[in-house]
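To keep things clear, I will list the structure first and then write my remarks on it.
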Amino acid sequence: MYVIVVGGGKVGYYLTKELIAAGHELVLLEKDRVRAKQIADEVGSIVLARDGCEGQHLAEAGANRAAIVAAVTGDDEDNLVVCQMAKHHFDVPRTIARVNNPRNEALFRHLGVDEIISPTRMALAAIEQDIPVHELLHLAQLEGGGLELLEAQIGDESPAIGRKPSDIELPDGCSMFALIRAEQAMAIKPETIFQMGDKVLAISRTDCEADLHRQLIGTASGD
Amino acid sequence: MRTIIVGCGRVGAGLAGRLAMAGDEVTVIDLRTDSFDKLPEGFGGNAVRGDGTDEDVLRRLGVDGADRFFALTEGDNRNILAAQLAAETFSVPTVVAKINDPVRASAYAALGIATVCRTSMMVDSLGGFVGLPTDSSSTRVQRPSGHHPGPHAMAGAPSRAAASTGTRSEDQH
């Protein structure tokens with residue numbers, strides 16, 4: 001399978017090496033001559049010191065017989081143009097773009113890029129897996145640090161869902177006083193029933209945080 | 001008329017000045033605030049620092065609902081991205097991109113974006129100055145000759161986009 005890689009930065013460089021190791025036929029386009037030479041010294045004559053955004057250079061690289069064009073430069077706009085030129089002028093069946101701004105993903109898809117690689121999105125997903133999304137949010141310290149203003153978001157594991165304030169056992173040093181639901185602020189009344197997605201505002205003694213966490217968020221540790 | 005201009009170089013600043021003078025509500029955006037020094041004395045529009053290829057930035061500027069959008073930075077590809085954001089994401093009716101590479105300029109005109117190419121303009125007028133025949137089309141904004149690049153245009157053969165007729169209006173001045 002013939003592959004054209006555009007962009008000889010870190011991603012393009014390692015991608016090229018992996019593709020060679022896997023036995024693919026490929027060409028790497030890198031517009032910076034010094035960088036292109038550097039990579040060519042290591043991997044051989046498959047590196048062209050050319051700008052992959054230019055139709056003429058894509059033609060020289062044999063884009064009309066490429067099965068895949070992968071645009072992996074550090075600039076979203078360059079990757080978009082490479083893929084659009086590949087698709088329109090050379091009828092390349094599969095185009096792949098690296099996208100740094102996650103907001104560009106939908107537009108690039110709409111404009112016909114077949115595959116979007118988003119390092120930002122991937123890192124975000126990895127981070128969100130590791131860090132519990134539902135945590136007590138420390139909003140402010142009060143009374144010289146003895147009390148804290150906290151926000152707890154009621155998630156799907158919260159034991160508070162469907163319950164009233166009186167059903168929730170909190171130590172003396174804790175007081176829930178307001179909540180935010182659908183971006184509206186409201187006071188917590190005796191008849192309030194907690195729902196998933198509610199953000200509960202509470203004032204708590206610092207040593208009662210773990211209890212608050214257990215009752216409103218649900219998981220064991222409240223550190 | 002509400003006009004957004006991305007890139008406050010000589011062309012962007014000059015156009016911004018003229019449109020503001022003509023009564024347009026003009027917003028010009030550039031990555032560098034010192035670019036705004038090029039705006040004419042008493043410029044009556046808005047000048048905002050920011051990245052005109054960033055969807056969030058454009059939304060904050062009110063590109064949604066603008067009448068005209070000009071992408072006039074020094075980078076062809078930045079202009080191409082900004083113009084396609086304006087046309088596709090924000091449905092601005094008149095979008096023009098400055099694309100100085102003639103090959104890319106005609107490629108994107110075929111994809112439905114009005115383009116203006118300084119290279120073709122200058123080559124043509126210099127050639128004309130010394131008596132070569134001139135091509136008047138190069139001195140204007142190039143009319144889009146194809147539909148703008150939605151998913152269907154992208155999926156089809158290149159000839160299909162080239163054969164269809166333009167759907168977007170553009171300025172001819």
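Mind listing whichever residues of the stretch B:97-114 are touching a residue at least 24 places away in the same chain (Cβ under 8 Å) and under 14 Å from B:Arg78 (Cβ atoms)?
B:Ala97, B:Lys98, B:Asn100, B:Asp101, B:Arg104, B:Tyr108, B:Ile113
A single entry from A:Ala61, A:Ala67, A:Ala97 fulfils the requirement of being of a type in the set (Gly, Ala, Ser) and under 25 Å from the mean Cα position of the chain (by Cα): A:Ala97. Taking A:Arg35, is it outside any loop (DSSP other than H, G, I, E, B) and of a type in the set (Lys, Arg)? Yes; evaluated as a whole, the condition is true for this residue.
If I filter the stretch A:171-218 down to residues being part of a loop (DSSP other than H, G, I, E, B) and among the aliphatic types (A, V, I, L, M), which single residue comes out as surrounded by the fewest Cβ atoms within 10 Å (Cβ to Cβ)?
Filtering the stretch A:171-218 for residues that are part of a loop (DSSP other than H, G, I, E, B) and among the aliphatic types (A, V, I, L, M), the one surrounded by the fewest Cβ atoms within 10 Å (Cβ to Cβ) comes out as A:Ala182.
Exactly one residue among A:Glu148, A:Glu157 is surrounded by 14 or more Cβ atoms within 10 Å (Cβ to Cβ), modelled with pLDDT under 90 and either closer than 30 Å to A:Met196 by Cα or within 14 Å of another protein chain (Cβ to nearest Cβ) (or both), and that residue is A:Glu148.
Only one entry in B:Glu25, B:Glu74, B:Glu88, B:Glu41 is among the acidic types (Asp, Glu) and facing chain A (nearest Cβ under 10 Å), namely B:Glu88. Looking only at residues of the stretch B:44-60 that are hydrophobic (A, V, I, L, M, F, W, C) and within 11 Å of chain A (Cβ to nearest Cβ), we find that the one that is surrounded by the fewest Cβ atoms within 10 Å (Cβ to Cβ) is B:Val57. Tallying residues that are free of Cβ contacts under 8 Å to residues at least 40 places away in the same chain and under 26 Å from A:Gln141 (Cα atoms) within the stretch A:153-165 yields 1.
Checking the conditions here, which among B:Val28, B:Val63 is surrounded by 14 or more Cβ atoms within 10 Å (Cβ to Cβ) and within 15 Å of B:Val95 (Cβ to Cβ)?
So the residue among B:Val28, B:Val63 that is surrounded by 14 or more Cβ atoms within 10 Å (Cβ to Cβ) and within 15 Å of B:Val95 (Cβ to Cβ) is B:Val63.
Among the listed residues A:Thr120, A:Thr73, which satisfies the condition of being within 14 Å of another protein chain (Cβ to nearest Cβ) and either at pLDDT below 95 or closer than 30 Å to A:His213 by Cβ (or both)? Only one candidate qualifies: A:Thr120.
The residue list A:Lys31, A:Lys87 contains one member that is within 19 Å of B:Arg78 (Cβ to Cβ), touching a residue at least 12 places away in the same chain (Cβ under 8 Å) and of a type in the set (Lys, Arg), which is A:Lys31.
Criterion applied to A:His110, A:His24 was being surrounded by fewer than 19 Cβ atoms within 10 Å (Cβ to Cβ) and either closer than 26 Å to B:Ile99 by Cβ or of a type in the set (A, V, I, L, M, F, W, C) (or both), and the one residue passing it is A:His110.
For residues that are out of contact with any Lys or Arg (no Cβ under 9 Å at 6 or more places or on another chain), among the hydrophobic types (A, V, I, L, M, F, W, C) and at the interface with chain B (Cβ under 10 Å from one of its Cβ atoms), tally how many sit in the stretch A:83-106. Looking only at that region, the number is 2. When the stretch A:49-71 is filtered for residues that are among the hydrophobic types (A, V, I, L, M, F, W, C), over 17 Å from A:Thr16 (Cβ atoms) and assigned to a loop (DSSP other than H, G, I, E, B), only A:Cys53 remains.
Evaluated against (1) at pLDDT 90 or above; (2) surrounded by 23 or more Cβ atoms within 10 Å (Cβ to Cβ), B:Ile113 falls short on exactly one condition, (1).
The single residue among B:Ala97, B:Ala86 that is under 26 Å from A:Leu58 (Cα atoms) and out of contact with any Asp or Glu (no Cβ under 6 Å at 6 or more places or on another chain) turns out to be B:Ala97.
The values are calculated or read from the model by the stated rules, or taken from the named source; none is laboratory data. Just so it is clear, the structure is predicted and the values come from calculations on it, not from any experiment. FYI the Cβ positions are ideal-geometry reconstructions off the backbone, even for glycines, and counts take in every protein chain you see.
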